Amino acid sequence: MARALVEKGAEVHALARSDSDRSMLNGWPIIWHEGDITRPETLTPFLNGATEIIHAAGCLGQAGVSEDEYLRINTRGVQNVMSTALQLASRPRVLHISTTGVLGPLEAELPEEDAPLAPSNPYERSKAEAEKVAQEFASRGLDVVIARPGFLYGPGDRHVLGLFKAVQSGWFFYIDGGHHVCHPSFISDAVNGILLCLKKGRGGEAYHLTGPTPVTFREFANIIAAALSVKPPRLNLPRLAAHTAAYSLEAISYVTGKHPPLSRSGVAFFSESRAASWRKAKDELGYIPACDVAKGVSCTVLWYQKQGWLAPSRN
């Protein structure tokens with residue numbers, strides 16, 4: 001987003017903690033400010049004079065994070081940003097980046113934005129509560145738009161690198177046959193959609209920004225395997241067995257201090273379906289995701305290999 005905005009001629013200011021890794025934006029004309037969304041006193045000098053605010057900070061779903069920590073960052077952090085923005089003389093537009101995960105596991109055919117919030121884990125609950133905060137500030141006169149990207153992946157991402165590594169090493173396994181559905185959103189499509197939300201989104205409204213079509217986890221893993229020129233995964237575990245194994249690995253990681261190779265949240269992710277319709281974003285914003293999963297995965301694999309994080313594909 002920062003790069004795309006710079007290329008459009010915007011003056012981009014970014015908030016970072018003192019120990020944040022800023023290397024992804026080396027060489028880009030970003031104006032950095034030191035601060036933290038959980039420290040409200042650092043936000044006024046950063047946001048003062050802003051005409052548009054994109055709130056993208058947050059704690060992603062991962063093992064070992066307490067629900068209180070998710071709420072502290074993902075919910076109260078939003079409260080702090082919105083509260084500061086409401087007091088600014090510049091009356092900025094605020095784009096809050098949420099997630100389709102606030103709808104929880106799939107209960108209907110590609111739910112739309114008016115589907116009830118049904119979060120099923122601490123991360124999703126914190127993001128759902130954050131949306132309620134955003135809507136509250138919208139009702140108080142703040143110009144707020146909510147963007148809900150789907151399962152993000154692409155060059156620059158490290159969060160799903162482990163999935164690609166597992167497929168390449170042959171350690172990836174399906175849960176319940178890999179027949180559950182995910183809705184990958186390639187990063188360039190998501191950024192395009194986010195900027196459309198910023199420019200055209202209606203105040204107080206949410207917009208789903210997902211990829212062209214959902215895929216099963218089996219299909220997704222097979223596409224990754226093809227891009228890596230390795231055999232597709234064959235292993236499969238029932239959900240109960242996978243959940244029991246994850247519980248044991250989390251207990252071991254608590255003692256060793258090492259990140260578990262499998263967590264209960266990971267088991268839930270691969271054994272539940274999540275997808276959402278992007279029809280509203282298309283109709284109101286002109287959003288059309290252009291990158292299908294095969295193309296997006298190929299680009300992601302090449303980038304990971306360039307970083308040295310994945311071994312070169314076999315010929």
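The values are calculated or read from the model by the stated rules, or taken from the named source; none is laboratory data. The structure presented is a predicted model; accordingly, all values stated were derived computationally and were not measured. Positions of Cβ are backbone-derived with ideal geometry, glycine not excepted, and every protein chain shown enters the neighbour counts.
Of all the residues that make up the stretch 171-193, how many are in a loop (DSSP other than H, G, I, E, B) and surrounded by 20 or more Cβ atoms within 10 Å (Cβ to Cβ)? Number satisfying all stated conditions: 3. Looking across the stretch 26-78 at every residue that is more than 24 Å from Ile187 (Cβ to Cβ) and among the polar types (S, T, N, Q), the one that is surrounded by the most Cβ atoms within 10 Å (Cβ to Cβ) is identified as Thr75. Search the stretch 254-280 for residues that are assigned to a helix (DSSP H, G or I) and pair each with any residue that is among the polar types (S, T, N, Q) and crowded, with 18+ Cβ neighbours inside 10 Å when their beta-carbon atoms are under 7 Å apart and the residues are at least 6 apart or on different chains. Hits for this filter: Ser265/Asn121; Ala268/Asn121.
Yes or no: Phe217 touching a helix residue (DSSP H, G or I) at 6+ places or on another chain (Cβ under 8 Å) and among the aromatic types (Phe, Trp, Tyr)? The answer is yes for Phe217. Taking the listed residues Gly64, Gly58, Gly9, the one that is assigned to a loop (DSSP other than H, G, I, E, B) and farther than 29 Å from Phe151 by Cβ is Gly9, with no other qualifying. With respect to (1) modelled with pLDDT under 95; (2) under 25 Å from the mean Cα position of the chain (by Cα), the lone exception for Tyr254 is condition (2).
Report yes if some residue within the stretch 214-223 is part of a loop (DSSP other than H, G, I, E, B), more than 17 Å from the chain's Cα centre (by Cα), surrounded by fewer than 23 Cβ atoms within 10 Å (Cβ to Cβ) and among the β-branched types (Val, Ile, Thr); otherwise report no. No: the stretch 214-223 contains no residue that is part of a loop (DSSP other than H, G, I, E, B), more than 17 Å from the chain's Cα centre (by Cα), surrounded by fewer than 23 Cβ atoms within 10 Å (Cβ to Cβ) and among the β-branched types (Val, Ile, Thr). Residues in the stretch 124-144 include at least one that is crowded, with 24+ Cβ neighbours inside 10 Å, over 30 Å from Trp309 (Cβ atoms) and in contact with a Phe, Trp or Tyr (Cβ under 8 Å, 6 or more places away or on another chain).
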